[in-house]
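Read through the structure below, which is laid out as structure tokens, and then see the notes.
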Amino acid sequence: MKLYTYWRSSSAYRVRIALNLKDVEYESVPVHLVKDGGRQKSAEYLKLNPQGLVPVLVDGDIVLRQSLAIIEYLDEKYPRPPLLPESAKGRARVRGLAYLIADEIQPMNNLGVQKYLKHQAGLDQQQLDDWYRHWITQGFTALEQLLANGGQSGQFCHGDTPGIADCCLVPQLYNARRYRCDLKAFPTLTRIEKNCSQVLAFQQAEPENQPDAE
């Protein structure tokens with residue numbers, strides 16, 4: 001199994017956490033998103049993923065794209081430990097939390113968007129940082145309410161075992177700190193993050209612990 005990844009990609013970070021939680025061995029294949037104009041744009045890589053994005057997971061003759069699709073594939077192929085709750089209600093809740101992060105927050109501030117805003121829209125660095133913090137704050141405000149209320153969160157986003165929502169939350173908080181976002185208003189998010197940080201699978205997936213870290 002090969003994971004095409006970049007050390008600081010939050011999408012790849014999610015998948016690394018899931019692979020580690022499942023205790024699945026894999027080969028890390030770094031794809032530098034900045035060097036040489038972005039190696040994800042090479043003809044060879046575009047054959048794997050026409051979008052020119054990471055991650056891509058190759059499992060034998062199966063090529064998988066999109067982080068949440070990859071994580072759910074892993075959860076079905078390696079059912080223990082589960083990353084989704086047993087009940088339909090619980091699964092829907094966890095997917096909703098994960099999608100809020102992966103589909104609503106992260107795409108607004110990924111590398112491609114940042115480059116477009118800088119080079120095509122002409123934003124300076126302060127404007128870019130303000131853009132980033134606006135969408136982080138808006139998304140985290142909703143997420144904090146969802147996790148703090150309803151009594152379904154425990155040590156982790158859902159109950160007392162880590163799952164898909166936690167795989168998404170931790171990388172997004174990592175990114176928020178990179179851009180010096182104020183996280184004081186999100187005690188539930190940071191509490192869950194602290195619990196995740198005690199789990200080896202999360203520690204091993206951290207960007208600074210990757211072979212291509214700079």
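The values are calculated or read from the model by the stated rules, or taken from the named source; none is laboratory data. Since the model is a prediction, treat every value here as computed from it, not as a measurement. Reconstructed Cβ throughout: ideal geometry from the backbone, glycine too, with neighbour counts over all protein chains shown.
Kindly establish whether LEU68 is farther than 28 Å from TRP131 by Cα, in contact with a helix residue (DSSP H, G or I) (Cβ under 7 Å, 6 or more places away or on another chain) and not small (Gly, Ala, Ser). Taking the combined requirement at face value, the residue does not satisfy it. State yes or no: is ARG16 buried (at least 20 other Cβ atoms within 10 Å of the Cβ), charged (D, E, K, R) and either touching a helix residue (DSSP H, G or I) at 6+ places or on another chain (Cβ under 9 Å) or under 25 Å from PHE156 (Cα atoms) (or both)? Judged against the criteria, ARG16 is a match. Of all residues in the stretch 21-45, those being aromatic (Phe, Trp, Tyr) and more than 20 Å from the chain's Cα centre (by Cα) number 1. Scanning for something surrounded by fewer than 12 Cβ atoms within 10 Å (Cβ to Cβ) and modelled with pLDDT under 95, does the stretch 151-174 turn up at least one residue? Yes, the conditions are met somewhere in the stretch 151-174. Scanning the stretch 119-141 finds one or more residues that are surrounded by 16 or more Cβ atoms within 10 Å (Cβ to Cβ), among the aliphatic types (A, V, I, L, M) and closer than 27 Å to ARG191 by Cα. If you go through the stretch 49-60 and pick out every residue that is in contact with a helix residue (DSSP H, G or I) (Cβ under 6 Å, 6 or more places away or on another chain) and free of Cβ contacts under 8 Å to residues at least 24 places away in the same chain, you end up with 1.
Would you be able to say whether some residue in the stretch 16-30 is farther than 19 Å from GLU214 by Cβ, touching a residue at least 60 places away in the same chain (Cβ under 8 Å) and among the polar types (S, T, N, Q)? Looking through the stretch 16-30, at least one residue is farther than 19 Å from GLU214 by Cβ, touching a residue at least 60 places away in the same chain (Cβ under 8 Å) and among the polar types (S, T, N, Q). Taking the listed residues GLN106, GLN120, GLN152, the one that is within 26 Å of TYR4 (Cβ to Cβ), out of contact with any strand residue (DSSP E or B) (no Cβ under 6 Å at 6 or more places or on another chain) and not assigned by TED's automatic domain parsing to the domain that holds SER67 is GLN106, with no other qualifying.
If we scan the stretch 183-192, do we find a residue that is crowded, with 19+ Cβ neighbours inside 10 Å, farther than 17 Å from GLN138 by Cα and not assigned by TED's automatic domain parsing to the domain that holds ARG8? Within the stretch 183-192, one or more residues are crowded, with 19+ Cβ neighbours inside 10 Å, farther than 17 Å from GLN138 by Cα and not assigned by TED's automatic domain parsing to the domain that holds ARG8. Go through the residues of the stretch 182-202 one by one and say whether even a single one is at pLDDT 95 or above and under 12 Å from the mean Cα position of the chain (by Cα). Checked the stretch 182-202: at least one residue is at pLDDT 95 or above and under 12 Å from the mean Cα position of the chain (by Cα). Of all the residues that make up the stretch 141-167, how many are of a type in the set (A, V, I, L, M, F, W, C) and closer than 21 Å to GLU206 by Cα? Adding up the residues that qualify gives 5. Elements of the type helices (runs of 4 or more DSSP H) sitting completely within the stretch 61-179 and holding at least 1 residues that are in contact (Cβ under 8 Å) with a residue 60 or more places away in the chain: these cover 67-77, 88-99, 111-119, 164-178.
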